[in-house]
Structures are given as structure tokens and as C-alpha cells.
Amino acid sequence: MPEIKVTPLGAGQDVGRSCILVSIGGKNIMLDCGMHMGYNDDRRFPDFSYITQNGRLTEFLDCVIISHFHLDHCGALPFMSEMVGYDGPIYMTHPTKAICPILLEDFRKITVDKKGETNFFTSQMIKDCMKKVVPLNLHQTVQVDDELEIKAYYAGHVLGAAMVQIKVGSESVVYTGDYNMTPDRHLGAAWIDKCRPDILISESTYATTIRDSKRCRERDFLKKVHESIERGGKVLIPVFALGRAQELCILLETFWERMNLKAPIYFSTGLTEKANHYYKLFITWTNQKIRKTFVQRNMFEFKHIKAFDRSYADNPGPMVVFATPGMLHAGQSLQIFKKWAGNEKNMVIMPGYCVQGTIGHKILNGQRKLEMEGRSTLDVKLQVEYMSFSAHADAKGIMQLIRMAEPRNMLLVHGEAVKMEFLKGKIEQEFSIDCHMPANGETATVTTNPSVPVDISLNLLKREMALGGPLPDPKRPRTMHGTLIMKENSLKLVSSEQALKELGLNEHQLRFTCRVQLQDPHSDPDTLNRIYTHLKSVLKGYTIQHLPDGTVMVESIVIKVSSSAEDTSTKVLLLSWSYQDEDLGSFLSTLLKKGLPSGLC
Amino acid sequence: MAAHLKKRVYEEFSRVVQIPQEEAPAKKLRLSKPSKSAALHIDLCKATNSTDALQYLLHFARKPVEVESVEGVVRILLEHYYKETDNSVRLKIASLLGLLSKTQGFSPDCIVDDAINTLNNEKSHQVLAQLLDTLLVIGTQLPESPTVRQRLIEMACKHLSDTYFGVRNKCLKLLGCLGMADTPLNKDNDGLGASLGGVRDIQSIISDFFGDQDPRVRTAAIKAMLQLHERRIKIHEIIYDQACRLLSDDYEQVRSAAVQMVWVLSQLYPESIVPIPSSNEEIRLVDDAFGKISHMVSDGSWMVRVQAAKTLGSMLQVSPHFLEQTLDKKLMSDLRRKRTAHERAKELFTSGEFSSGRKWADDAPKEKLDTNTVNLIASGACGAFVHGLEDEMFEVRIAAVEALSQLAQSSASFAEKCLDFLVDMFNDEIEEVRLQSIHVLREISTHITLREDQLDTVLAVLEDSSRDIREALHELICYTNVSTKDCIQLALLELLKNLNKYPTDRNSVWKCLKFLGSRHPTLVLPLVPELLSTHPYFDTPEPDMDDPAYIAVLVLVFNAAKSCPTMPALFSDHTFRHYAYLRDSLSHLVPPLRLPGNGLDLVDSRCGSGSVESAQLFLQESLNRVSTIQNLEAPGAQDLLNFTIRDLRRLGELQTELAGAADFCATYLRCQLLLMKALQEKLWNMAVPLCLKQNVTATAAAQQILEETYKLEFLYSGLESRQVATIHHIRLQAKALQLILTARTRQGLDPLISSCEKFLQDIESFQRLFVAELPHLQDSFVDKLLELMPRLSSCKPVEMVKILLATLRLSGLLQLRLPEQIHRATATIIEPTGESDNPLRFTTGLVVALDIDATLEHVQDPQNAVKVQVLYPDGQSHVIHPKPSDFRKPGPDRHRLITQVYLSHTAWTEPSQIEVRLLLAYSSSSTSLSSSSASKLGWSDSIDSLPPPEAAVEGTIPFSKPVKVYIMPKPARR
């Protein structure tokens, strides 16, 4: 049986450095190539030596697909393609292709320029890597080679995020990347058709969460910000530069406009402006409202949100600052956090998920004393709020997607093991399909039962139609006679005559003969006559002939009579029929074995 | 340059609607009846190839065929059909047959046989489908013939096994439209039925196709079934299972139709019991269907989602606990099994659920739970509305909001529960959705009392910059019940904030406070000292009486005081003075109060002015009194009219309900009075040159009467044909008067002849228009004229004028009958207020936009009728036609015009005032004769049905008080 193998190199029972290898129908595909936020050593990148110990990856991979531009999904891409070596095609959507290099460059800057790491990819490598990218459109089927095709679906989550369907023959895998089933202020909801893949590889960040309605969350968020501002406090919202940040910006911007608030909102600069530019451009990827109104006013042209300067952090009075990165593990958000942490009027709102080991994770778990570098400690007095604004599907959303796609098997990645376990149980019970959750480096194997397409000759089909009922019933299988010819990778079902002709074979006749002993005192011709009349009375609607040469023909079955040598009253009937008339022949033989009825003349 | 610019401005922003004078289709007698079919026959014979034939047929199809020749045409077509080999031509013929059998008055039973015959011999699938369509038409034309019906149904059944989907579709459609429940079909004529055995009824035949391989056929099958339902055939309950299976079809149109089907069945058999699969329990069918449809709210296709959300709203029989699940996203399956699994539910609650995502790490893993008990998705109904309300497409959200409203109106407890969700919708990003949810909340507000936190969220919307939203919210607050005095205070504060921020909301805010006060007198009472800032010992300064905020507070307090007699004791002196002032100036907002102070009973005399009935009686009596005037020259008649007019005017002012009727009568009587005055003079007997002055007044009177009659006709709604006749009658009198005056003053015969002819035409058209009313016009001017008509049309102009004069002077007063309801169209310009002293400055040649906000009442079709007139001091005037989207409809018979007009002028040295007013445009061609039906006709229809408008009089009636706006066009600096 053919198999599909899935091996996560990253994101298996874990969040971060998503990288999943899929072998399907003899093709090897790498899905995402991300880095891990929590580590600064080799564990940061997926272990590509799993694929090959030495040498380039090109010959082992048919293509690489990047689902969206978050660094935990594309952070290792230049490393893989330029430093390890991969020259094949890399697929991503247009917005991802536009925004991804900005983030990679930023990432490189922080690691190389700030932390002083060496042996890291360079700007040139990012550029070279991006040259290998082939852009994808939504719902466009791209033929990677003759057999492998991929198709992107809208995934919500961030601008340009896509779910990908990978298809070889009739086998297919859908990889969701990160997705969101509830629309938000700037993006729509993920959508997929009923493509019934063999495996659905889904993220499961919020495997155990069913979130409150979106509006509740928004209201809470706005209320918290508003209250804090009215108290005169400063609000820090750590975000990743792209994605949630834009949603929250739109939310605050409209709220400020509606409530006519004056407190400044800042957005830490740098890559944001460039990226915001792309948000303005890729309007088709946003939600209904923005698409409908961008002619009057593009929602991403903010009126109240200004660029942040480091000196502003010490300004008196209330303010709201969006700062990167989102998990408070480095950079500006951490700096501002250190400055503001001591004042209980201030507030930090964590709008999303925090990886274990980051400061964000620590303060959310209630730690009030933090150890910083250089053995200093930091007292956390400001309020810490958590609002789940991550645009990941919650448990119900995942279930909804499964229902939409109707996969035959399920595979969970990008989540914590315990939570996955819970969701796995649910999925297996609810949909009664197998659910896998391989750890990193572990291979999940799914045997598929692909349907084999066979060409059927039109003549044969028509003949069958003429024989059978009026309409083919799609629900019921039907048997038919024919010959299967396998020739040069193609399968053909033809009628036997045609097969003989094509293959240049002679037709062999297969005849069955059988002897039936019959007690009958009459002479041979009389017996034959009696048999003739008997059959005539029994088999109505068949052509029965009494031939002059002393045989009876029923259709193509020949019946001859001869007396046995010893006893003339024991007649030996010779029946002979061809293979095609098997049914009738065996019926006749059993009939004649019973003997002739006495009442015949 | 400036003029040019201005011209361009007006070109762009004002729209001139010119009604094209369509020529009435000349009606020729068709003497050559058979010629149509003959011509067709010849054409078809001439056609050498199929393309030609098709062309002829297409050409032929453009013209209608008379009833008499239909059959002939059909024969020819059929004849040609048999000969034709080309599919497309046969297809066209088949479709023509269908069209022809729709002809009014033609009974298609004669072609049934032929059609069926052709059907049997047809090979092409497309043509077959078209023929079946034709049969469907024939079948629907012959509803009374069971035999034809039976034959057609048999035909359809026979072709159901066709391989082409179109044919199957049409067969199903035919079965749906013609099939009957009570006649089981004997289906032994083909394989399909025979294999399943003998007698089957129509529903099972159709339902067989629920499993067809083609989605289009599946859809058609469901539609056919729905059609049966629409024809009041009771659908079997067995269909339910099949329909439910189709809910998970791959194709959206099938799912969408299946949702309807399931809904229909849930309405038919709400109380049936269906088993829950994979358990041994049973629930009501309507609950099951509700669950399944709820499930569809998270479907992949938004069309289906809209359909499902809408459908949910009409399933009112559903059990309450199912209903409540739709608002809950949590695990719900156990609710369904509650009867048996109480303990398990409890266990589930404690062991481990999904986290809400509101708090960090509240989803930390606890002990493993028994997953067998948690059945998450299949429990359909849960969270349907939560999903619907946060759907991606606003269409779905609106549908969900509407469904919520319908369900909430029938269930108070549900209303209570959905409140939070509706309030959340106030933050939706699309204004339409926000507005809709505010409206919905208002509709269900009788069921609910807002808590403080909810009120807080509701009131936050008051700061919304959209006027529509704010006004909807004011409307909502008018109907809201609140629970505590803090709520009142909160509401008042927010409303005052709103007033401060958007001063234009003044009226709306005051009205809102009026209702708030009168609804919650006891809650206002403890707040009074604070609100009026009175102090037990000290006198506080008297607030400014013109402060809108202070007026707002007073409105709240006074309205509360109306049903709370202890409250006035808390008022300080100036409050009483202010009361008196406001009672006078804002009497619609301030109720009469029984105030004890100073021994003065401030109860207004006006509030006791009697009921509507007595006023009605008075009105009727006045009219009766007037009707005693028999002759126009009767002594005292004029005085009586004068007094009656005065009385009626006053009555209109006092009794707003009757204002329309009173005004109408008064205006009518005034016309009569004018006519009387004009005719009464002795001077008619004098020679023309001697009474020039008299002529002038009479001419003016005639002119005025004409104007008044147009007002009467077009300004009032609710007129019946009879009143319109009366109005036209007096207009005719005025025209006669004009004619006489022309005859007397002008010399020369030619103009006189033409105006005489015109008058005769007028009489004719009057007769034509009001044939039905003529009996009521006994002894009137027209009646007499019509008697004299033969003589009039033959005599000379001079003689005619004499006759007219005599008749006019002899004719009596036509009595006015009042219809049920008459309303006068009124308009009030709210903005600009005309109070501003600051001129609106702009550079000449450029334009300035002036915001206009007006309310219109009782205006029919304001989009076409209402125009804005701008009058410049130099006498220039412009008429601007507002865009249809500028009109909103806040209530029945009420419209609101919020628009901008663009002003421009050459430079002035001083600022000056322009006048802005609203005009009601009318044209006598679209006369309000049989007003309701005629006005509802579409544009093109009315052209066809009404007689060609001869001498259509178009004009405008100013119906609002003009407002002055101070403007100052500055010369452009170079």
C-alpha cells in the first residue's frame, strides 16, 4: 500500500521553528522553515542534517512551501537555502514574499549587529534566497512538476497567510500553517473546500481553548486601555511587528476616533512603516470591511498612531505604545517594560501567546520579581493583563476546519503535547478518524488507499449501459466483463475482443462437455425426440432446434444421445457448451440428470 | 468664468429629470387576422437552412400574437417542428409553443396531445428539456383539468430516467408544480418504477432524486418538493431524514435548498419525535432541525450561512434550552442528555473544560477527563449565534441579528440572554450592522431591563460620529427600562455629553429625556436636588434658561414629576418660572403639571380641550353649515364662509390629529369664497372698459384658485377619488372664469377660439377621469355643462362664454365630503436654523456646501417630489434635486432629508441673506387619481396604462417655511 510519511523537524509537539517534511507519492516536500524564539543556540533552527548529513538539500527536496511570514515559519529559510544549500523552488504567497525579507533582515540585524553573532546569514543571502521564491495566488493550482501540484487557500492569521494543499495523483495533504477561523478587524476567516485530503496537518496552538466571542475580547481590551489612560498610566502592548499589531492598531485607531481621545499612541518604528505600506497594498487579502471602504479611506492610513522614539518613553502623561517583540524577550519592548515596570499605574497587555522561557511567559505566570542580566532583579509592579488576540484557531475552530475539509487522517503540530493529547482524543471521538501527533524527528506514517484511475473504452461502456438499467447508480458498485490492459503506465479497460485485437492474440474457445446417464428404454432418436419436447416445455423463450444430424441444439449447447454398450436402456447424453454459456449449460446438465418425466410420449 | 463654473456645478449636482414624451402606441386595427400565421408559414417555408428559420422565429417572437390566431400559429409551428432536423430550431419552436400557450384567453388543451407526441419522438436532450418546460406552462395554464395533469405527470415520470440533467430537472419541476398528493401514480411504464414496485406517490418519486449524481438535479428535486409544499400538499415526515442528509452535501445550492426543506418539515411536524443517532434518546423534531440548521451557520459557503441564520429566526417552537445553547460556545452535548446524565455533567464541569482564553494559563492541564462524555461538535445548536454574529460577511451578521430579534420577541428569557451579544454588536465595524442591532435592541426592549454595565456599553455608542447611529440610540433609550437611579444619572450624563459634542442632536436628546423621565419617575426623584442643584440652606444661582443642557435636565425632571406628585415640592422658585416658560415654548416636551405653588393652578386649559371625537364633530358640523349655502349670491354666505374658514384654521392648530383635514377644508372653502367674490360683483353686467379694475381682481382670484387647487390635490395624502373630483371641479370653474375674463378683455377671435377648444377638452377629460364620480356631482357646474355639451361644442365662442357665465353663476356650492384620513404634507427645515449672524464666506466662482437637514411628513415618494429651492437676493433661484440616498425613513409617513446644496454667486459687497426652502413638485399627468394604485405602478407601467397626458401641468408647491442663510461671496484675490 502507498504511504504518506510526515516528519516534523520542528513544531512537533512544540511551538516554534515550524518545519515539517512530507513524503507523498515519491515526492519530498518541506513545509515551512522557521526558527525558535526561545533559543539562541543550534536549537534555534531545524535540524537539517536529518535530511542529509552532508551536501545540499536540493536533490532530496522537491519543493519548499512557506505558509506565512512569521519568523517561526520562515526564519530559517536563508540558512537552509544558502548555508545548507537548496536550489529548488520555494513557494509562498505574494504578500509573504513581500514582507518576509523585511522580517528576515530585521532578525539578522538583531542577531548579528546587536548580539554580535557570527556565522549567520547575510543580507545578500536573504536576497539570493528570495530569488528562488515562486509566488502563489489563492486557489491557483501550481504544477511543481508533472505529478506534484500545490494550491493555496486563505488562512486568515496574518496578511498573506495560506493553507496549502499538496497533491500527487489522488493522494493529498493539506498543511494549514497558522490559521484563524474567526475574522478580525483586518483579516477574514480561513476557508477551505471539501477537498478530503488524506492527511490534514493542522496547528493546535489553542487546542484546549474555546475563546469568548471576539467582540467581548475587543471590548475588554478597549476598556482596559481606556481606563488605564484615564488614570494617567502608560500602556505597553508588546506585539510582533506584523499581524496582530495591525489589527490592534485599527481597533485603537477607530476607538480613538470614536471616543475622541487625545492621548498619543506610538508604534515602535523601523520595519513597521515598510510593512504597513504592504498592508495598504494587499487590500484583496484583507477583510470585507477594509476591502469595501478602502476607496474612501484606506484603514491602514492611521491618523492617531505615530512613530515612536526612544526618548518618548520618559515623557510624562498617559500614552499607549506598541513595541516589538511580542514576548518581551528582547528589543524595544523589553527596554520600555524595564522602564515602566516599577509604576503600578502602568499596564502591560500581552495580546498573544508567549513561549516558555521568555519574560512574557514569566510575568503572565505571576512572577513579580525578574532576574535580569547582570544579576540585577526587577520588581514588576505594573498591571499585567492577558488578552488572547493571537489569531490562531481555537479548539472549535480546528474542529470546524476538519469538518470543512473532511480529511481521512489528522496530524497535529505547533502546540504543546498535553494540550494536543486532549484535542486528539476529541477529534478521534468526534470524527472517528486517526489523529497523529509526532514529536520532532518522529515519523508518522499513513497508509493511503488511492483510487486508481482506469480508462474504459466507450464501446464497452455503451454496451454495459445497454445491458443494465437506465442510469448508473453512483452509490452501488457494478460488475462488468472486460479486460484490463496495463500498458506504459496507463490502465485501460476494454472489451475482450478488442483486447485480443490489440494484443494480437487468438481467441481460444473453451468448451465444457459432460456426460449424463439416463435410463430410457426408447431408441436413440426417440430419446432425443423426448428430450427435445421436454426441453421445449421447460425452456420457454430459448431457441431449441432438433437438427437432422441427430443432435439437439439449445442456443449453442449441443446435446447428443448414444446408447451405452452394455445396456441399451441406459442412454448416455453428451452435453457440450462453451464457456460463455456456463449458466445455461450447468442448468441443463442438472435438469437432464433428474431424468425425463414419464408422461412424455 | 465664475458663471461657467457655477453652471458646471449645477450640472453636476442637480439632476433634471425629463420625462420623455413617449408616443402612445398607435393602435391599428388588425384586419388581417390570419395573416400572422400565414406570414409565418411563408417565412418558414422560404427558409432554406436552419439559420434562416431560426432568424425568422426569433423575429417572430418579438411581436405578440392575438388570441384568435394562436392556434393557427401553433399548428404551423408544430408542422414545421416535425420537418425540422436542426436542434436549435426545434428548441426555439418548443420555447415558442410555451410562450404562445401563455397567451391570455387561449386554452392550451388542444395542443397537449401534440406536445406530448413531439416529446415521445424527440431525441435531443436540450429540446426535450425545453418541451417539458412547455408542458409545464401548459399544465399551469390548465389547473382544472385532472386528466391533462395526470398525463403530464406520467410524461414527466417517464423522462425522469433521462441521462441529461436538464431533462431530469424539468421533469422534477413539472412534478413539483403539478403533482398531487392524493393520486398515487401507477408507475409501470418504465423500469425505474417497476423495479421498485407498483404504486408510488409523487413525493417518493421526487425524493428518489435527492440522491441523484448531479447536484443540479438534487437541487431541483428539493425545490420541487418545496413547490409541493407551497401548493399546500403535506410533505411526508419520512423526507426529513433524507433532507438532513443533504445538509452535508458537497454543493452549496443543494445545502441551501436542504436548509429550506428541513425548515419546512420542522414547521410541519414540530412535535414528532426523532431519535438521536448513537444514543437511545429521542428529541422533538423541531429541536433536532433547529440543531441541524444551527450547524449550518458555520457552513463553508456564506450563502448557506445567510440562509441558515435567517431560517433560525422563524423557528419559534424550539425548546428554550435549545434556544439558549445558540448563545453558548461551551460544551453543550450533555445538555441534550441532561435528563439522564446530571452527575456526568457535574463531573465534566469540575474535571476539565476548554479555557475561555481570557486569562493566561487557565487552560493548564488538569487531570485527564473522560472524553466519552464530551461530544463537542455534533451538538449543533451550541454557539450558532455566537458564530453568526462574528461571521466574516456582514450579510450573515445582519441575518443573525434579525433572527435574534425574532426569537427574542417570542421568548423573554432568551431576550435577556441575547442582550449581551446585541450590545456587543454595537461595536461592529460595519455601520449597517451596528444600526440594525440598535434597532433590534429597541424592538425587544420591552422584555428587558438594562443593567448598569450594559447601559454603560450602550451609552458609549452615543459618542459615535454617525448621526444615524446616535439617533437610533436615542430612540432606543426612549424605550429602555433601567434598574437603578445610577443608571438614570449615567444616561443623563452621557446624553449631556452627547449634546455638548453634537449640538445638532438637541431635539432628539430632549425627546429621549422626556421618555426617560416619564418611564422612571421614582428613580428620578432621589436625583432631583442634585440635578437642579438645589441646596437646603443656600440659594443657588439661577441657571441660564437658554442652556440646552439645562433644558434637557428640566425636561427629564418635569416628565418624571408628572406621575410623581411629591416632586414639585423639591423645586425652587425659578424652576416654576422656567416650567411656565418651557410649557409654552416646548409644549411637546413638557407635560402639564399640577403644581401647587402660589395657589395658582397651572394646569393648562389646552390639555382639556377635548377629545378628537368632539373636534371631528365640530369639523363635520362646520361643513354641514356651509353646505346650507345654496346659491353663491345668497346674503351672508360670504360671512359664513369667512367665519368657517377661521374656525377651521384654529381647529387645525389645536387638534394636531385633524390638522390635515381642517386645513384641507379651509383651503377648499377659501377657493369657494374666492370664486364667489369674483362672480358676485354686480359689474358683470357692465361694459368691459368700465370695469377694468374689477377684471383685475377677478383674474387674480381665478389664478389663485388654480394654485390652491393644485395644492389641494398634491399636498394632501389620503384623498379619495371623490375629493379629487371635487378639486378638479373647482379647478374647472376657475378655468371657466378665466375663459370668460379673456373673452371680455381681449379682442380678437383667434385666441378665444383656441382657448374655448382647450376648455372643451378639459371638460372631456374631466368626464373621462371621473365617470364614476359623476353621479355625486348632481346639479353642479359640470353636470350642467355636460348637459349643454352638444350645444357648447357647436356654438360660437361668444355664445359659449355667455352660457358659461350663466351656468357659473347659477351653480351651487359643491359639498365637500371628508375622507377617513387626510394628512397635509409638511416639511420643517431643522438645519440651517437661520439664526446665525456669521455669514458663510466663500470665494466667488467657487462653491460652498450648505448642509440641509429637514423632516418631511406625509410626503409620498419624496425621492422624486421633494426639491430644494435656493433664492438669491437678486431674484435668481435654483432648484436642486437631492439624491435618492439623501432621504431616510425613520418612521411611517416620515422622511428625513439630509443633504448638501451647493451655493455659488458672483461677488457681493455686503453679506446678504439667501432663502432656502423645500418644494413639492407635482405634475398633473401623474395625478393622484386612484392615488394608491397609480403611484405604486412602476415607471414604465404607468406610461402604458394611463392615458397620454394632455397638457400635463407641472409645477411646484413650496411646503416649508423658508430659512434665511447669511452668505458672503468674496471676490477672488488675484
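The values are calculated or read from the model by the stated rules, or taken from the named source; none is laboratory data. Nothing here was measured: the structure is a model prediction, and the numbers come from that model. Neighbour counts run over all protein chains shown; Cβ positions are idealised from the backbone, glycine included.
Would you mind listing the strands (runs of 3 or more DSSP E) fully within segment A:400-483 where at least 1 residues are without any contact (Cβ under 8 Å) to a residue 60 or more places away in the chain, charged (D, E, K, R) and more than 9 Å from chain B (Cβ to nearest Cβ)?
A:434-436
Every residue in segment A:416-438 that is farther than 23 Å from residue A:353 by Cα and aromatic (Phe, Trp, Tyr), please.
Hit for segment A:416-438 is A:431, nothing else.
Just the residues that are of a type outside the set (Val, Ile, Thr) and modelled with pLDDT of 85 or more, please, taken from segment B:100-138.
B:124, B:125, B:126, B:128, B:129, B:130, B:131, B:132, B:133, B:135, B:136 - these are the residues of segment B:100-138 that are of a type outside the set (Val, Ile, Thr) and modelled with pLDDT of 85 or more.
Among the residues of segment A:476-483, is any in the same structural domain as residue A:581 (by the TED database), among the hydroxyl-bearing types (Ser, Thr, Tyr), out of contact with any Cys (no Cβ under 9 Å at 6 or more places or on another chain) and surrounded by 13 or more Cβ atoms within 10 Å (Cβ to Cβ)?
no
Residue check, residue B:719 against (1) touching a residue at least 24 places away in the same chain (Cβ under 8 Å); (2) under 35 Å from the mean Cα position of the chain (by Cα); (3) not in a loop (DSSP other than H, G, I, E, B), all met but one. Which one?
(3)
Against the condition within 14 Å of chain B (Cβ to nearest Cβ), closer than 30 Å to residue A:381 by Cβ and hydroxyl-bearing (Ser, Thr, Tyr), how does residue A:182 come out, does it pass?
Criteria not met by residue A:182.
From the residues in segment B:288-329 that are at pLDDT below 85 and among the charged types (D, E, K, R), which one is surrounded by the fewest Cβ atoms within 10 Å (Cβ to Cβ)?
Result: B:328.
When you look at residue B:830, is it of a type outside the set (Lys, Arg), crowded, with 20+ Cβ neighbours inside 10 Å and modelled with pLDDT under 85, yes or no?
No: the conditions fail for residue B:830.
Among the residues of segment B:388-441, count how many are in contact (Cβ under 8 Å) with a residue 12 or more places away in the chain, under 21 Å from residue B:323 (Cα atoms), within 14 Å of chain A (Cβ to nearest Cβ) and not in a helix (DSSP H, G or I).
Residues flagged as in contact (Cβ under 8 Å) with a residue 12 or more places away in the chain, under 21 Å from residue B:323 (Cα atoms), within 14 Å of chain A (Cβ to nearest Cβ) and not in a helix (DSSP H, G or I) within segment B:388-441 amount to 1.
Those residues that are at pLDDT 90 or above, more than 13 Å from residue A:29 (Cβ to Cβ) and among the acidic types (Asp, Glu), I need them from segment A:147-191; list them, please.
A:178
Looking at segment B:128-138, can you tell me whether even one residue there is acidic (Asp, Glu) and within 22 Å of residue B:233 (Cβ to Cβ)?
yes
Which condition breaks for residue A:123 when tested against (1) more than 10 Å from every other protein chain (Cβ to nearest Cβ); (2) crowded, with 18+ Cβ neighbours inside 10 Å; (3) small (Gly, Ala, Ser)?
Against the list (1) more than 10 Å from every other protein chain (Cβ to nearest Cβ); (2) crowded, with 18+ Cβ neighbours inside 10 Å; (3) small (Gly, Ala, Ser), residue A:123 comes up short only on (2).
If I filter segment A:204-227 down to residues being without any contact (Cβ under 8 Å) to a residue 24 or more places away in the chain and within 7 Å of chain B (Cβ to nearest Cβ), which single residue comes out as surrounded by the most Cβ atoms within 10 Å (Cβ to Cβ)?
A:213
Could you say which residue among A:237, A:290 is touching a residue at least 24 places away in the same chain (Cβ under 8 Å) and not in a helix (DSSP H, G or I)?
It is A:237.
Can you tell me how many residues within segment A:325-364 are within 14 Å of chain B (Cβ to nearest Cβ) and among the hydrophobic types (A, V, I, L, M, F, W, C)?
Of the residues in that region, 10 qualify.
Take residue B:497 and decide whether it is over 21 Å from residue A:252 (Cα atoms), within 14 Å of chain A (Cβ to nearest Cβ) and basic (Lys, Arg).
So residue B:497 fits the description; yes.
Any residue at all in segment A:371-392 that's touching a Pro at 6+ places or on another chain (Cβ under 9 Å), more than 10 Å from chain B (Cβ to nearest Cβ) and modelled with pLDDT of 85 or more?
The answer is no, given that none of the residues of segment A:371-392 is touching a Pro at 6+ places or on another chain (Cβ under 9 Å), more than 10 Å from chain B (Cβ to nearest Cβ) and modelled with pLDDT of 85 or more.
Run down B:72, B:98, B:105 and say which single residue is in a helix (DSSP H, G or I) and either within 15 Å of residue B:134 (Cα to Cα) or within 40 Å of the chain's Cα centre (by Cα) (or both).
On inspection, the qualifying residue turns out to be B:98.
In segment B:847-893, what residues are touching a residue at least 40 places away in the same chain (Cβ under 8 Å) and over 23 Å from residue B:923 (Cβ atoms)?
B:847, B:848, B:849, B:850, B:851, B:852, B:853, B:855, B:872, B:873, B:888, B:890, listed by residue number.
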